[in-house]
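Report on the following structure.
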Amino acid sequence: DARVTQTPRHKVTEMGQEVTMRCQPILGHNTVFWYRQTMMQGLELLAYFRNRAPLDDSGMPKDRFSAEMPDATLATLKIQPSEPRDSAVYFCASGLVPLHLAGVDQETQYFGPGTRLLVL
Amino acid sequence: EDQVTQSPEALRLQEGESSSLNCSYTVSGLRGLFWYRQDPGKGPEFLFTLYSAGEEKEKERLKATLTKKESFLHITAPKPEDSATYLCAVQAETSGSRLTFGEGTQLTVNP
C-alpha cells in the first residue's frame, strides 16, 4: 500500500528551538509538496519540488524556513528558530508527472498524515 | 489571485438525506479542480479531479460536477461514515502545480 510517510507525527518544542520534519514520498513520485494547515488560514502551500529541484517556495517564510530534498526518497522542512505562530499541522504530499506530460503539471497530490507542531 | 469559497461551512444531515456542497472559484484559467476528504487528525484524501465545464465524476455516494464558476459535490443517501471535512482546490494554468484550497465544508451525518 503506497503512502506518504511523515515523521515525527507530533512535536512540542520551545520558542527558538530548531524543528526538522521529514517526509518520504510515494516511491516513484517525482513531485513533493509541503503544506501548512491552521484554523485561521486553512491549507496553504509552502513549497514544492520536482525531481528534487525547488520549483516554488513563494509561500515559505524565507528567514526561518528551509526545505530540501537530499535524495528522491526524503524531503525535509526545517524551521530555525521556531516561533509560537509556527504552530500548525504540516503536511507533505507527493505526485507523479509523467515525462510525456512534463510542463502540464496536472498530477494528483497524495497527502501524508501530517506533523502536528506546537511551539510554546 | 486565485480564490476558492466553499459553502456551507458546516452541514448536518440525517442518514439518507441527500444534499450538495458548493465550491465557487475565481481563477485565471482553470487547469483542474480537485475534491479531497479530510478526517480529523489525518491528511486530505483525494476524491476527484475535474478539468472542464460539464464534466462529472462519481464514486460510491459522491458525484462531483463542474461549471465555469463553481463545482458541486452531491452526496446521495449519506451514511455516518461520510462525515468528514470536504475540501475543494483549484489549479490555475499559470501556477504550475500549486493548489489553492478552500476552507472546507464540515459534514456530519447522524444515524
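The values are calculated or read from the model by the stated rules, or taken from the named source; none is laboratory data. Keep in mind the model is a prediction, meaning the values are calculated, not measured. Every residue, glycine among them, receives a Cβ derived from its backbone with ideal geometry; neighbour counts consider all protein chains shown.
In region A:51-74, the residues that are farther than 22 Å from A:GLU107 by Cα reach residues that are of a type outside the set (D, E, K, R) and not in a strand (DSSP E or B) with C-beta atoms within less than 7 angstrom, at least six apart or across chains, in these pairs: A:ARG64/A:GLN80; A:ARG64/A:PRO81. Screening region A:83-106 for residues that are part of a loop (DSSP other than H, G, I, E, B) and within 18 Å of A:THR73 (Cβ to Cβ) and picking the one that is modelled with the highest pLDDT gives A:LEU96. Per the conditions (1) surrounded by 14 or more Cβ atoms within 10 Å (Cβ to Cβ); (2) at pLDDT 95 or above, the sole criterion not satisfied by B:THR49 is (2). Among the residues of region A:7-62, the one identified as part of a strand (DSSP E or B), in contact with a Pro (Cβ under 8 Å, 6 or more places away or on another chain) and of a type in the set (Gly, Ala, Ser) is A:ALA47. If a residue has to be in a loop (DSSP other than H, G, I, E, B), more than 10 Å from every other protein chain (Cβ to nearest Cβ) and exposed (fewer than 15 other Cβ atoms within 10 Å of the Cβ) to count, how many in region B:17-46 make the cut? Residues that pass the stated criteria total 6.
So for region B:67-78 (the condition being at positive phi and within 14 Å of chain A (Cβ to nearest Cβ)), does at least one residue qualify? Step through it out loud before you land on a result.
We begin by selecting, within region B:67-78, every residue at positive phi; these are B:77.
Going one step further and asking which of them are within 14 Å of chain A (Cβ to nearest Cβ), we end up with none.
The answer is no, given that none of the residues of region B:67-78 is at positive phi and within 14 Å of chain A (Cβ to nearest Cβ).
Scanning region B:1-16 for residues that are over 11 Å from the mean Cα position of the chain (by Cα) and assigned to a strand (DSSP E or B) gives B:GLN3, B:ALA10, B:LEU11, B:ARG12, B:LEU13, B:GLN14. Collect the residues in region B:52-68 that are small (Gly, Ala, Ser) and either buried (at least 19 other Cβ atoms within 10 Å of the Cβ) or under 23 Å from A:PHE33 (Cα atoms) (or both), keeping them in residue-number order. Passing the criteria: only B:ALA64. Quick check: is even one residue across region B:81-89 away from chain A (no Cβ under 14 Å) and surrounded by 15 or more Cβ atoms within 10 Å (Cβ to Cβ)? Among the residues of region B:81-89, at least one is away from chain A (no Cβ under 14 Å) and surrounded by 15 or more Cβ atoms within 10 Å (Cβ to Cβ), which makes the answer yes.
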